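Structure first, commentary second.
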Ligand code: NAD
Ligand code: UDP
Ligand code: UDP
């Protein structure tokens, strides 16, 4: 037998990397912009659970205090009401930059509000552009790692299917959606420029349609619309003929992917999405199965430039991050439904029957 004892290891919670036993992982100071929102609040839960100190920066444009209320009073949690369009001085190790008025009712139907911040002081500058610039400036000053939550919308109405990260996309620069698509494309550009020019340690995630508990009930996204409509006994509104496709990812899968990416040594961009692809007609059928077999559907005129299909190629995230989603739509949907039931009707389940 050799003299040296074999070193024992534990696995790092988010990366799966081996950590020698006895070496405790250093708790990090992490900022989550947009942390009171849907995705951000789930990310905060996981960061707090692994022992980090978390500062949420949010202007509550689409986010809600209720999403993070359960951490108030925890000395490792701080909530700051702040618009990222304004500069921000903090000392942190990591920045997850999620802040963005991302819900369709706020950009498809009110584009000016997305592209021009409500902040009077920066009235000509955008949340995606100026907010991202400020957070990159912060990352540069304190040497923090910076993760941008970009979107599958950067692929526009894609001519390649499924979409790989190498695809440059097919975006209408002057359409109703372009405030969101082009805002995120510019945010990616800024992140890469700060990476190349200022040596900021950046990470880029391109997130595909995500659903789960705490989604805004009336923000106009398709899963939240269908679930809320079926629960309220209203017809589910299908825009267009319903043959357009999307790929729906459960929020905990996304949060695992974001944390893996942040801890990895890869810049990206990485597609983070569930490759299961559904037409809106199929989605409506699944919501019927889960909530109410008698639910009706109603067809409405579609919005302009609606992408015909969307499905992530996640080979890159699988190979380099060892990540893939685990929760299928039929398994994730019921978890979201019980959250919506509580928020819509309290605990009075009889109202549903
Ligand atoms: P969300 O609207 O629930 O969360 C966004 C949060 O950002 C909200 O809490 C909002 O109040 C905050 N915010 C908006 N503008 C701000 C500003 N100027 N300053 C500070 N805070 C601000 O949306 P989400 O679904 O949780 O999205 C989070 C991120 O993920 C966004 O960047 C979004 O573009 C991206 N994304 C989400 C999806 C999805 O399907 N949910 C898909 C692709 C990309
Ligand atoms: N910034 C910030 N917090 C910081 C450092 C910078 O909000 O801790 C903002 C700053 O106000 C600027 C942006 O980030 O608008 C870009 O900063 P950078 O230092 O890269 O550019 P400069 O200020 O030199 O133009
Ligand atoms: N959609 C729909 N009914 C709704 C809301 C949306 O049929 O009540 C459609 C919309 O036209 C699009 C798809 O569902 O084809 C996804 O829309 P969402 O706004 O959720 O996401 P995105 O278009 O950004 O992928």
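Since residue 168 meets every condition but one in (1) outside any loop (DSSP other than H, G, I, E, B); (2) surrounded by fewer than 16 Cβ atoms within 10 Å (Cβ to Cβ), which condition does it not meet?
Of (1) outside any loop (DSSP other than H, G, I, E, B); (2) surrounded by fewer than 16 Cβ atoms within 10 Å (Cβ to Cβ), only one is false for residue 168: (1).
Among the residues of segment 220-231, how many are farther than 15 Å from residue 152 by Cβ and in contact with a helix residue (DSSP H, G or I) (Cβ under 7 Å, 6 or more places away or on another chain)?
6
It is to be established whether one or more residues within segment 301-317 are within 13 Å of ligand 1 (Cβ to nearest atom), under 30 Å from residue 192 (Cβ atoms) and in contact with a strand residue (DSSP E or B) (Cβ under 6 Å, 6 or more places away or on another chain).
Scanning segment 301-317 turns up at least one residue that is within 13 Å of ligand 1 (Cβ to nearest atom), under 30 Å from residue 192 (Cβ atoms) and in contact with a strand residue (DSSP E or B) (Cβ under 6 Å, 6 or more places away or on another chain).
When the residues of segment 108-129 are filtered to those that are surrounded by fewer than 21 Cβ atoms within 10 Å (Cβ to Cβ) and in a helix (DSSP H, G or I), which remaining residue is modelled with the highest pLDDT?
If we take residues in segment 108-129 being surrounded by fewer than 21 Cβ atoms within 10 Å (Cβ to Cβ) and in a helix (DSSP H, G or I), then 129 is modelled with the highest pLDDT.
To keep it simple, each residue is scored yes or no on (1) farther than 21 Å from residue 42 by Cβ; (2) free of Cβ contacts under 8 Å to residues at least 60 places away in the same chain; (3) near ligand 1 (Cβ under 10 Å from one of its atoms).
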residue: 219; (1), (2), (3): no, no, yes
residue: 225; (1), (2), (3): no, yes, no
residue: 234; (1), (2), (3): yes, yes, no
residue: 256; (1), (2), (3): no, no, no
residue: 266; (1), (2), (3): yes, no, no
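Given the options 175, 240, 212, name the one that is within 11 Å of ligand 1 (Cβ to nearest atom) and either more than 30 Å from residue 66 (Cα to Cα) or crowded, with 23+ Cβ neighbours inside 10 Å (or both).
Exactly one of 175, 240, 212 is within 11 Å of ligand 1 (Cβ to nearest atom) and either more than 30 Å from residue 66 (Cα to Cα) or crowded, with 23+ Cβ neighbours inside 10 Å (or both), namely 212.
Suppose we keep only residues that are away from ligand 3 (no atom under 13 Å from the Cβ) and free of Cβ contacts under 8 Å to residues at least 40 places away in the same chain within segment 179-191. Which one would you say is surrounded by the fewest Cβ atoms within 10 Å (Cβ to Cβ)?
189
If you check residue 321 against the conditions, is it more than 16 Å from ligand 2 (Cβ to nearest atom) and farther than 27 Å from residue 203 by Cβ?
The answer is no for residue 321.
Please go through segment 136-152 and give me each residue that is outside any strand (DSSP E or B) and touching a strand residue (DSSP E or B) at 6+ places or on another chain (Cβ under 8 Å), ordered by number.
136, 138, 139, 144, 152
Restricting attention to segment 326-343, report how many residues are in contact with a helix residue (DSSP H, G or I) (Cβ under 7 Å, 6 or more places away or on another chain) and more than 14 Å from residue 225 (Cα to Cα).
5
So which residues in segment 72-91 are under 22 Å from the mean Cα position of the chain (by Cα), surrounded by fewer than 19 Cβ atoms within 10 Å (Cβ to Cβ) and away from ligand 1 (no atom under 13 Å from the Cβ)?
78
Only residues that are surrounded by 20 or more Cβ atoms within 10 Å (Cβ to Cβ) and within 14 Å of ligand 2 (Cβ to nearest atom): list them for segment 192-209, please.
Of everything in segment 192-209, those that are surrounded by 20 or more Cβ atoms within 10 Å (Cβ to Cβ) and within 14 Å of ligand 2 (Cβ to nearest atom) turn out to be 194, 200, 202.
For segment 173-272, which strands (runs of 3 or more DSSP E) that fit wholly inside it have 1 or more residues that are farther than 30 Å from residue 291 by Cβ, under 15 Å from the mean Cα position of the chain (by Cα) and modelled with pLDDT of 95 or more?
202-207, 270-272
Would you confirm whether any residue within segment 220-232 is within 30 Å of residue 31 (Cβ to Cβ), surrounded by fewer than 17 Cβ atoms within 10 Å (Cβ to Cβ) and within 13 Å of ligand 3 (Cβ to nearest atom)?
yes
Residue check: is residue 93 within 16 Å of ligand 2 (Cβ to nearest atom) and at pLDDT below 95?
Criteria not met by residue 93.
The values are calculated or read from the model by the stated rules, or taken from the named source; none is laboratory data. Since we're looking at a predicted model, the values are computed, not measured. With ideal geometry, Cβ positions are generated from the backbone for all residues, glycine too; neighbour counts draw on all protein chains shown.
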